[in-house]
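For reference, the structure discussed in these notes is given below.
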Amino acid sequence: MRFVENFPFITIVLSLFSAVICFALKDKRARFVSYSLLGAGILMSASVLVYNLTSETGYFVYRMGHYDAPIGNEIAAGVLEPFFVLLFEVMMLLSLLGGSYKIETDVEPSKHRLFCIMVNLTHAALTALCYTNDIFTAYVFVEICTIASCALLMARKRTRPLVAATRYMMFSLIGSSLLLVGIVLLYSVTGHLLFPQLYASIQALWTTGQYTLPLTVALGLIVSGLAIKSGLCPFHWWMRDTYATATPAASGILSGVISKAYIFLLIKIIGRVISREIYVQSGIHTVLLIFGVAGMMVGSLSAIQTHNLNFMLAYSSAAQIGYIYMGLGLGTDAALLASLFQMVAHALTKPMLFLSAMGLSDTVGKRQDFDALRGSAHWNPVAGIGYAAGALSMVGLPIFAGFIPKLLFSLSAFGHDWKTYVILVALAISTILNVVYFLRTMVNTYGPERVAMERRKITFRTARTFSVVVLIMALINLIVGLHAQPIISLFEKGIHIFTTIR
Amino acid sequence: MKKRNLSEKIRQWYEGELSFDEKIAEPVVHIPAGTHDQQPPETKTKIRIVHRLENTEIKISRVGYGVLSVVFCLIICSILISTALFLPGFADKEAPTANEVYEHYVGAGRDQTGAVNTVAGMILDYRAFDTLGESFVLFTATCAVLLLLEGHKAALNRAKSTFTYATDPIVGIAAKIVVPVILVFGVYVLFNGHLSPGGGFSGGAILGTGLILYAQAYGDERAARVIPAGAIRGITIAALSFYCLSKSYSFFTGNEFNGVHSVIGPGTPGDFLSGGLILPLNLAVGLVVCCTMYTFYMIFTRGRLD
Amino acid sequence: MNITLNLEELTAMLLFGIGFTMLVFSRNLLKKVLGLNIIDTGVYLFLASMGYIEGNLTPIVPPTGPVDPGIYINPIPTGLVLTGIVVSVSFSALMLALAVRLYKKYRTLNLDEIYARCDREDGED
C-alpha cells in the first residue's frame, strides 16, 4: 500500500503536465482535461488522507530524487496537508463548475484554453505549496501561484480587471520580495533549505544566541511576506477590485482557495521551521494578532459602507482573513485549531457566496447595487438559498460551518491576560458588524422589489449545473456545521504530528 | 430628537438611500467635453500633461510621496543594513553556508550525478524539483502574456510601424555575420552545460537573443515566416513534456519502496555523453527558455507569433 | 559587527532598500518594474557574495581523481540566483504586458491617474 505515498508527487507533476497538454488542445478538450484532472486530484488526496489516518505515524516523507533530506529535495504529508489539498481541490472544482456558464461569456473564446492552463497551474502550485518540505521550492511555487492567479483574474475581457490585476500584482510583488529576501537571509545564517534541517539549526542558533538579529529579521520578513500575499489588514486594498471584477469562478478560487494556501504555508513554516517556542519568544505573534484584529474591524466597517454586493463580499473576506491571523496571534494549539477551522469555514462559504451573488445579479441584468438586487431571490430561488446559507454561515449561526471557529476562538482566548479581552471584544463587535451587513443584504434579497426593470427568471431547469453546485456547497456547509467533531479531532491529530514528528 | 435622527439614518442606510459610500475620486484630468475622441492621441497627451502640471492635488501628492518614500527607504535600509552587519563575514570559510551540504555537492556530486559542473548537477539532479518549478514559472508567464496581448489591438497596432534593417549596410550585414555565431555559441553552451559553465538557462537565453536579433534586423514579418509559430509551440510543448516525464521517472525510481530502479547511470564524468539525464534536461530547459524569450519579443512587438 | 567584512552584503541590502522603495512609492508602472529589477539585483549580489569563499575556484571539478571540497566555492547560491533571475524575468514580462494594455487604454502610466479614471468610467471597454 505504500504506492499511495506516490500520489502527492503524481498530483503535482500530472497537473503541470496537463497544463502543457492543454496548451496544444482545443477549448472543449482542454476544459475536459483540466476538470477531470481536478477530479483525479480529489481522489488522490482523499486516498492519501485515508492512508495517513490509518497508518501508524500518520506521516511520511517522499524523496524528490535519489537522495535524502539535506542533500536532495523532498515533500512530506501528515494529516493536515492532504486534508487541505482535498478541500482546495473540491472548492476549485465546484466553483469552476458553478461558474462555468459565466466563464463562457466572460472570457474571450480564443482564451478559454489559456484559462484552463491557468487552472491547472494553480492546482499544481497549491498542491506543491501544501506538500513541500523545502523553503525554496515553496518560494518557486508561490510565484507560479501568483502569476497563475493573476492570469485567472485578467482573463475577463474588460479593462477594469486589468487595473485590478495591476493592484493585485503590486501587493503580491511586495510580498514576494520580502519573502525572497527573508528566505535568503535565513539561508545565509543556517545554511539549509529543507524544513527539518532549518528547524534544527534555528533551534541551535536561538539557544546559543548567535545571529539572533538576522534570524529574527529573516523570520519576520518571511511571515510578513506571506501575510501580505494573503491579504492581512493594511495590505488588503487589492481585495475589493480583485474579487469584484474577476469572473465569479475566479473570485471564488482567489478568495476561498489561494489566499488560504499562502496561510497554510505560513502555518506550516511556523509549525515546522520556526517552532512554536521561538515564534512566541520573538514576538511575531503579537504583531499578527494586532493586525488580525484591525483587519476584522476595518474589513467589516468597509463592508457596511458599500452599496455593491461583490465589494461587500470582498471586504468581508478581509475581515475573515483577520480572524485567521487573530488565531495565529495567540500561538497556542487551541487557537491554531480555531484558525484552521476558520480557514475551512471560509473556504467553504466564500465561493458559494460569490456564485450566489452572480446568480442573483444575473436576474437583474448584471447589476450589483443593493437597490436593484432587492427581491432578486424570488427570481433565482437557488441562488437565494445559497446566499442565505452563506450569509448565515459568515454571521456564525449555529448549524452552519461558520459557527464552529467562532466558538473555538472564544474558548481558546481565555488565559492570555490582555489578549483575552482584546479577542473577546473583537469577536463580539465583529459578529455584530457581520450581522449588520450580511443580514441586511439577505433580508433585502427576499424583500419587495423597488426598482422597475427588466428581470430574468433563472430556475433550477435553466441553470442546472449552477443550481446543483450551489446546493451541494450549501449542503457541505451544513454537514460541516453539524458534524464538526470528526474534523476537529483530525485537526488535533494533524497539529500533534506537526509539532512532534520532525 | 437626536435619537430619531439616528433611527432615521439607519432606516435610510437599510433602504440604500444614505450614501456614505467611498468617495468616487474626482477626475484628475479635465479634457473639454467632446474633444476626447476627436483629437489625435498626441494632442490628448499634451492636454493631459498641461493639466497635470497645473493640478495642485497631484503636486501635493507627488511631494507627499517623495517625502514618504525617502523616510521609508531610510527605515528599510537601516533595518536591513543593521541585519547585514551581524551576518557572517564575506568570503568566510567558517560561514554557516559552508556546511556538509556544500561539501557533499562539490565532493560527491561528480560521482553521483556524472556532471563535472556541480552547479548543473545540483539544479538538475539534487534539487531538480525546484528547477522543474522554474521552467513552469516561465511557461506560466508565457501563457499570461499570451492571455494579455495575443491578437489584442494594443500590440497589433504596433506591427505597422516596424521597420526592417535588412538593406542597411551596417546592421543588415552585421546581423548576417553575428546571428549564426550567436546561435552556434548558444548551442555550444547548451550542450556543454554539464562540462563547463553554462547550461540550459544561459544557453537558452543566448539562443533566444540570437533569434531576437534576427527578428530585429530583418523585421518580425520575415522572422515569423522563417520560424513558424507552430514550431515554437511544438518545441515548448515537447520540451516541457519531456521534462515532466523524465523527472517523474527519476522521482518515482528514487524511492525504493516502488521496487523500480533507475536504468540511467551517471556515465563517465567528463565525457560528452555523461551525466545521465542532465544533458537532455539541459537541452529541454534551453529550448523552453529560448522559445519563451522569442515569444515575449514577438508578442510585444507584433501581437502574435505567426 | 564587522563593517569592513560585509561591504558586499551592505551594498546588496542598500540596493534592496532602494528598489523596494521604488516598488512601493513610485506611481509610474514602468518605474515599479525597474524597482522590482533593482530588488532582484540586490538579492543576486547578496547570494553571489554569500556563496563566495576566500580564494576558492568555480565549482567545476576535474573529471578524474579525488575532489577536495575545500578549494571550491558553494554552488547552492548560484542555483538560487538562477531561480531568482527566472522569476524576475517572468514578473517583468507580465507587468510590462499589463503596462502595454493599460497604456493603450488610458494613455498614461501613472497609477493614480489610471485608478481614478477607472473608478470614474467603470464601464465596459
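The values are calculated or read from the model by the stated rules, or taken from the named source; none is laboratory data. Because the structure is predicted, anything quoted here is derived from the model rather than measured. For neighbour counting, all protein chains shown are included, and Cβ atoms are generated from backbone atoms with ideal geometry for every residue, glycine included.
Remarks
- Checking each residue of region B:134-144 against the condition of being under 28 Å from residue B:290 (Cβ atoms), at the interface with chain C (Cβ under 7 Å from one of its Cβ atoms), surrounded by 15 or more Cβ atoms within 10 Å (Cβ to Cβ) and among the charged types (D, E, K, R) gives at least one match.
- In region A:442-468, the residues that are of a type in the set (Lys, Arg) and within 14 Å of residue A:360 (Cα to Cα): A:455, A:456, A:457
- Number of residues in region B:67-102 that are within 7 Å of chain C (Cβ to nearest Cβ) and within 16 Å of residue C:23 (Cβ to Cβ) equals 7.
- Scanning region A:209-217 turns up no residue that is more than 9 Å from chain B (Cβ to nearest Cβ), assigned to a helix (DSSP H, G or I) and under 26 Å from the mean Cα position of the chain (by Cα).
- For region C:37-55, the set of residues classified as more than 22 Å from residue C:82 (Cβ to Cβ) and more than 7 Å from every other protein chain (Cβ to nearest Cβ) consists of C:55 only.
- Test for residue B:281: is it over 17 Å from residue B:142 (Cα atoms), surrounded by 22 or more Cβ atoms within 10 Å (Cβ to Cβ) and at pLDDT below 95: yes
- The residues of region A:116-137 that are within 12 Å of residue B:130 (Cβ to Cβ), within 10 Å of chain B (Cβ to nearest Cβ) and assigned to a helix (DSSP H, G or I), listed by number, are A:128, A:136, A:137.
- With respect to the stated conditions, residue A:95 is closer than 21 Å to residue A:353 by Cβ, within 14 Å of the chain's Cα centre (by Cα) and among the small types (Gly, Ala, Ser).
- Residue that is at pLDDT below 95, part of a helix (DSSP H, G or I) and more than 9 Å from chain B (Cβ to nearest Cβ), where the choices are C:7, C:14, C:23: C:23
- Region A:34-67, residues that are closer than 26 Å to residue B:239 by Cβ, surrounded by fewer than 18 Cβ atoms within 10 Å (Cβ to Cβ) and of a type in the set (A, V, I, L, M): A:40
- Every test in (1) surrounded by 19 or more Cβ atoms within 10 Å (Cβ to Cβ); (2) among the acidic types (Asp, Glu); (3) within 30 Å of residue B:274 (Cβ to Cβ) is passed by residue C:40 save one, and that test is (3).
- Taken over region B:257-284, residues that are small (Gly, Ala, Ser) and either within 14 Å of chain C (Cβ to nearest Cβ) or touching a Leu at 6+ places or on another chain (Cβ under 6 Å) (or both) amount to 4.
- Flag for residue A:373 being buried (at least 22 other Cβ atoms within 10 Å of the Cβ) and modelled with pLDDT under 90: yes
- Selection count, region B:244-262, where residues are in contact with a Phe, Trp or Tyr (Cβ under 9 Å, 6 or more places away or on another chain) and buried (at least 18 other Cβ atoms within 10 Å of the Cβ): 6
- Test result for residue B:268, surrounded by fewer than 20 Cβ atoms within 10 Å (Cβ to Cβ) and under 23 Å from residue B:164 (Cα atoms): no
- Condition check for residue C:109 on (1) under 30 Å from residue B:271 (Cα atoms); (2) of a type outside the set (Val, Ile, Thr); (3) touching a strand residue (DSSP E or B) at 6+ places or on another chain (Cβ under 6 Å): one failure, at (1).
- Verdict on residue A:250 being within 14 Å of chain B (Cβ to nearest Cβ), part of a helix (DSSP H, G or I) and surrounded by 24 or more Cβ atoms within 10 Å (Cβ to Cβ): yes
- Some residue of region C:60-73 being within 10 Å of chain B (Cβ to nearest Cβ), among the aromatic types (Phe, Trp, Tyr), under 22 Å from residue B:126 (Cα atoms) and not in a loop (DSSP other than H, G, I, E, B): yes
- Residue in region A:270-279 that is outside any helix (DSSP H, G or I), in contact (Cβ under 8 Å) with a residue 40 or more places away in the chain, at positive phi and small (Gly, Ala, Ser) present: yes
- Selection from region C:89-112 of residues that are surrounded by fewer than 21 Cβ atoms within 10 Å (Cβ to Cβ), of a type in the set (S, T, N, Q) and in a helix (DSSP H, G or I): C:92
- For the criterion of being of a type in the set (Val, Ile, Thr), under 14 Å from residue C:87 (Cα atoms) and either more than 17 Å from the chain's Cα centre (by Cα) or more than 10 Å from chain B (Cβ to nearest Cβ) (or both), residue A:140 passes.
- Positions within region A:291-328 being more than 21 Å from the chain's Cα centre (by Cα) and more than 16 Å from residue A:436 (Cβ to Cβ), in sequence order: A:308
- All conditions in (1) closer than 25 Å to residue A:144 by Cβ; (2) surrounded by 20 or more Cβ atoms within 10 Å (Cβ to Cβ); (3) out of contact with any Cys (no Cβ under 8 Å at 6 or more places or on another chain) hold for residue A:191, with the sole exception of (1).
- For region A:152-160, the criterion of being surrounded by fewer than 24 Cβ atoms within 10 Å (Cβ to Cβ) and part of a helix (DSSP H, G or I) is satisfied by at least one residue.
- For region B:57-95, the tally of residues that are touching a Lys or Arg at 6+ places or on another chain (Cβ under 7 Å) and not β-branched (Val, Ile, Thr) stands at 1.
- Top-ranked residue in region C:26-36 [being more than 7 Å from chain B (Cβ to nearest Cβ) and surrounded by fewer than 20 Cβ atoms within 10 Å (Cβ to Cβ); ranked as modelled with the lowest pLDDT]: C:26
- Taken over region B:220-236, residues that are of a type in the set (Ser, Thr, Tyr) and more than 14 Å from chain A (Cβ to nearest Cβ) amount to 0.
- Count of region A:14-43 residues which are assigned to a helix (DSSP H, G or I), touching a residue at least 24 places away in the same chain (Cβ under 8 Å) and within 14 Å of chain B (Cβ to nearest Cβ): 12
- Subset tally (residues that are free of Cβ contacts under 8 Å to residues at least 12 places away in the same chain, over 15 Å from the mean Cα position of the chain (by Cα) and within 19 Å of residue B:62 (Cβ to Cβ)) for region C:7-53: 2
- Matching residues, region A:62-75, being of a type in the set (Val, Ile, Thr) and either over 25 Å from the mean Cα position of the chain (by Cα) or more than 10 Å from every other protein chain (Cβ to nearest Cβ) (or both): A:71
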